[in-house]
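The values are calculated or read from the model by the stated rules, or taken from the named source; none is laboratory data. Everything quoted here is computed from the prediction, not taken from an experiment. When we count neighbours, we look across all protein chains shown, and the Cβ atoms used for this are built from the backbone with ideal geometry, even at glycine.
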Amino acid sequence: MNDDRLWEFERTLWTGGADAYETQVAEDVVMSLPAAPFLYDRRAAVEAVKNTPRWDEVEFADTRVERHQEGLIVIAYRARAKGGERTYDALCTSTLLRLDHEEWVVIQHQQTPLGVEVADPNG
C-alpha cells in the first residue's frame, strides 16, 4: 500500500461510519481509546462508532510509516479532528496487516488525547 492510499485508509476510519469499521478493522483488533470501556474489541469499536458523531475532517501531522516486513505496516501520527464546533487532538498509532492482495485491516489502534483530562477508569 503506498503512502497516499495508507493515509486515505486511516482517514476513512476517522470520518466514515460503522461500515468502514466493518470492512477495515480485523475481527481480533486491539484498540486503546480514551473513553470507556478504554480497551476495545471489534464489536465494541463498531458499536461506539454507531453511537458517536463522526468527524467531518481530520488532519495528520508528524506522520511516520514503518514497513517492518511484507504485509505489515505501523503508522504513528498526530491527529486533529474537527466536527461542527468540536475539535480533538491526539497522538495515535495503528498497525495494518495485509490479508490478501490490496486487502488490508487494522489489527491495532491507540489514541492518547492531547489537551484534555482522560477519564479515570476507576470512577
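Structure notes:
- If you check Glu8, Glu27 for being more than 27 Å from Asp120 (Cα to Cα), modelled with pLDDT under 95 and of a type in the set (D, E, K, R), only one passes: Glu27.
- Meets criteria (among the hydroxyl-bearing types (Ser, Thr, Tyr) and without any contact (Cβ under 8 Å) to a residue 60 or more places away in the chain) for Thr112: no
- Total residues in region 88-112, condition assigned to a loop (DSSP other than H, G, I, E, B) and within 18 Å of Val30 (Cβ to Cβ): 0
- Listed by first and then second residue, the pairs with beta-carbon distance under 9 Å, at least 6 apart or on different chains, first residue in region 49-65 and at positive phi, second surrounded by 11 or more Cβ atoms within 10 Å (Cβ to Cβ) and at pLDDT 90 or above, are Asp62/Ala76; Asp62/Tyr77; Asp62/Arg78; Asp62/Leu91.
- Test result for Ala36, more than 19 Å from Ile75 (Cβ to Cβ), surrounded by fewer than 17 Cβ atoms within 10 Å (Cβ to Cβ) and among the aliphatic types (A, V, I, L, M): yes
- Residue list for region 13-44, filter: of a type in the set (D, E, K, R), in contact (Cβ under 8 Å) with a residue 24 or more places away in the chain and part of a strand (DSSP E or B): Asp28
- Selection of region 31-68 for residues being aliphatic (A, V, I, L, M), within 13 Å of the chain's Cα centre (by Cα) and at pLDDT 95 or above yields only Val58.
- Scope region 1-10; condition surrounded by fewer than 18 Cβ atoms within 10 Å (Cβ to Cβ) and either assigned to a helix (DSSP H, G or I) or acidic (Asp, Glu) (or both); matching residues: Asp3, Asp4, Arg5, Trp7, Glu8
- Just one of the listed residues (Glu47, Glu70, Glu59) is surrounded by fewer than 12 Cβ atoms within 10 Å (Cβ to Cβ) and either farther than 16 Å from Trp7 by Cα or not polar (S, T, N, Q) (or both), and it is Glu70.
- When region 73-101 is filtered for residues that are farther than 21 Å from Arg42 by Cα, more than 11 Å from the chain's Cα centre (by Cα) and either among the small types (Gly, Ala, Ser) or exposed (fewer than 13 other Cβ atoms within 10 Å of the Cβ) (or both), the ones remaining, listed by number, are Ala81, Gly83, Gly84, Glu85, Arg86, Thr87, His101.
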